[in-house]
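What follows is one structure encoded as structure tokens, with my remarks underneath.
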Amino acid sequence: MIESTHSSPERAAVGALRESGRTSVLLIGGGINGISAFRDLALQGVDVVLVERGDFASGASSASSHMIHGGIRYLENGEFRLVRESVEERNGLLKIAPHYVKPLQTTIPIYSTFSGILSAPLRFLTHKSGKPQERGAFLIKIGLTIYDTFSRDGGSVPRHRFLGRKRSLAELPALDPNIKYTATYYDASMHDPERLALDVLQDGLAAHPGATALNYVEAIGRDGRNVLLRDRESGTEFSVAADVVVNTSGPWTDLTNDALGADTRFMGGTKGSHIVLDHPELLEATRGREIFFEHSDGRIVLIYPLKGRVLVGTTDIDADPSEVAVCTEEEVDYFFDLIHHVFPQIDVDRKQIVYRFSGIRPLPRHEDTAPGFVSRDYRIEVDQKGAVPLVSLVGGKWTTFRALGESLSDIVLGLIDRTRTVSTAGRAIGGGRDFPRTEKAKRIWIQEYLPGAGDRAEKLLTRYGTRAAQVWEYIEHGDDAPLAGGDLSTRELEWMVENEMVARLQDVILRRTSIAFIGNADEPVIEEIADALAPLLGWDRARHDAELDQTRELLNDRHGLHLSSRARG
């Protein structure tokens, strides 16, 4: 038997909600958009409860391309409002979340000068993909010139630049020598999406004592003003009354509404898959840039250096949200083909894949519109036929989460007759507050706030931003030992349990750390972390072993690993 030394703050919050039985606003769905609305409402002093049937940011929010981008290709869809909002939000996130959102130089390899000029207006007007035809330099130049007018943030973002073949190959010598040009511009990368979502959530919890967020709690029914919830950890069911119910469950919005007794047909998501390669030669070939281009089928794809690995994606396939999205072998073949398209001299092998993932984009129902042309914009539907209003979010993407959360919050505030008192525009997120922007400032910050952390200082600052100061103070006041080859430690894991709502082994392996993403989630590592986690969460031997089995199954079936149970001595 593994004895408990700590009770879970998260499950205590479930008990408190059962006792109170009511809130002003109930948000269902803890992806980034639900979390953003939660923070915004909490900042207005609204009593708000957020419930998520899995872990926070474990659905569509965890399956992104790790990009914060203005959406240059949305210009072709005519979505100028979305492009403007996206680049404004991208520029804003570089300032308010600098610990996770970083500038990213992006290069487009181009094979022709005038290709696509005749087909582009037809694509623009009909949103049908038709026969794929490459976009040539002329079209890309027009697009980037327009993009610059939206994107430059008063000149702080460099203009795009075009290079011919000779200079392009001098900068990126591994590129296909048959290219005619490259175009380079700046967008932004998002190094740790799940941790950024957690930071936004923590800000909401700190903003108002009437704000509560619960993972592993699902909405299973509705009776008048009451929504029936089930705690998936204990199996306990209880009701919560609310003045407004908000459905932010992304691709699963229609399924959630069905459980609440509302028949909707809002969603039409598409599946996007990615692979992560441990491939030093390919990593070097990118020279630290995202390579962003149109593949032979007309799909926009990317090769992107991240955390010492290379992320390759993405597909765009109609998907059923009632089925689990997985990256198929056919999609892997597609990724290898696109790598060879741009870097023909670089060999890739399935043995170099350390992680794969797939998710469903929360796109609106799109009938016969080609998946690549489905709007990435969002809309908010309000149903006032029931005892209380039911608000449904349709669409939304990572880049615009702050603005979306504010828009959604404004609608909710109107429904409960409240007014906005605080804006989130320009408001630093979590560990982005006072984050050191230069190498010199970083060294000074580490000396002041992480004394004695040594080699761990950089890792802690990367993982937590300036929240690392509190984490390090906690670590120093207890016995600590390394875990996962130094990716984690026992005392840091305890911090996560106490402060970051860890409930399961997979929460740590996949979302509180990058252990799985970078390919370090082998059998000894997950066993070691399970052993350390068990006493913190009060698991007995049966629960401990079940957590290991569930995590192995998840990593094998959804993320392409090949873990097997080992006999333990």
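Kirkwood Rh, Cα Rg: Rg to Rh for segment 478-559? Provide the component values of the computation, followed by the final result.
Details: Rg = 11.7 Å, Rh = 12.6 Å.
The Rg/Rh ratio comes out at 0.93.
How far is it, in nm, from the label point at Arg152 to the one at Asp455 when both lie 7 Å from their Cα along the line to the Cβ?
Label at Arg152, label at Asp455, 4.6 nm between them.
Among DSSP beta bridges whose residues both lie in the chain, state the antiparallel percentage, nearest 5.
Given both bridge residues lie in the chain, the antiparallel proportion sits at roughly 75 percent.
Heavy-atom accessible area of His559 with all protein chains present, probe 1.4 Å, nearest 10 Å²?
20 Å²
So how much accessible area does His279 have, in Å² to the nearest 10, using a 1.4 Å probe?
10 Å²
Expressed as a rounded percentage, what relative contact order does the chain have, with Cα pairs under 8 Å and six or more residues apart?
Taking the mean separation of contacting Cα pairs over the length of the chain, I get 21 percent.
Can you tell me how much longer the chain between Thr328 and Asp349 gets when fully stretched, taken as 0.36 nm per residue apart minus their C-alpha distance, in nm with one decimal?
So the chain would gain 6.0 nm between Thr328 and Asp349.
Taking 0.36 nm per residue of sequence separation and subtracting the Cα-Cα distance, how much length would be gained by fully extending the chain between Asp263 and Ser112, in nm to one decimal? Write down the numbers at each step before the final one.
Details: separation 151, 0.36 × 151 = 54.36 nm, distance 4.87 nm.
Length gained between Asp263 and Ser112: 49.5 nm.
Using only protein heavy atoms and a 1.4 Å probe, report how much of Ile275 is accessible, in Å² to the nearest 10.
Number for this one is 0 Å².
So which of Lys102/Lys442; Lys95/Lys271; Lys95/Lys141; Lys102/Lys271; Lys95/Lys440; Lys351/Lys397 end up more than 20 Å apart by C-alpha?
On the way: Lys102/Lys442 15 Å; Lys95/Lys271 31 Å; Lys95/Lys141 28 Å; Lys102/Lys271 26 Å; Lys95/Lys440 18 Å; Lys351/Lys397 32 Å.
Pairs exceeding 20 Å: Lys95/Lys271; Lys95/Lys141; Lys102/Lys271; Lys351/Lys397.
If the reach is capped at under 15 angstrom between alpha carbons, list the aspartates and glutamates near Lys180, excluding any in the same chain fewer than eight residues apart.
Filter leaves Glu134, Glu171, Glu294.
Using packing as a proxy for protection, rank 140-147, 535-542, 291-298, 14-21 so that the peptide with the highest average count of other Cβ atoms within 10 Å comes first.
Top to bottom by mean Cβ count within 10 Å: 291-298, 140-147, 535-542, 14-21.
How long is the chain along each principal axis, judged by its Cα atoms, biggest number first, in Å?
Between the extreme Cα coordinates on each principal axis of the chain lie 67, 60, 46 Å.
Give the ranking of Ser112, Ser234 by solvent-accessible surface, highest area first, calculated with a 1.4 Å probe.
Descending accessible area places them as Ser234, Ser112.
Put Tyr111, Tyr449 in order of accessible area, largest first, 1.4 Å probe: what do you get?
Correct descending sequence by accessible area is Tyr449, Tyr111.
The values are calculated or read from the model by the stated rules, or taken from the named source; none is laboratory data. Since the model is a prediction, treat every value here as computed from it, not as a measurement. Neighbour counts are summed over all protein chains in view; Cβ atoms, including those assigned to glycine, are modelled from backbone coordinates with ideal geometry. The accessibility values were calculated without ligands, DNA or RNA, using every heavy atom of the protein model including side chains. Shrake-Rupley method; radii C 1.70, N 1.55, O 1.52, S 1.80 Å.
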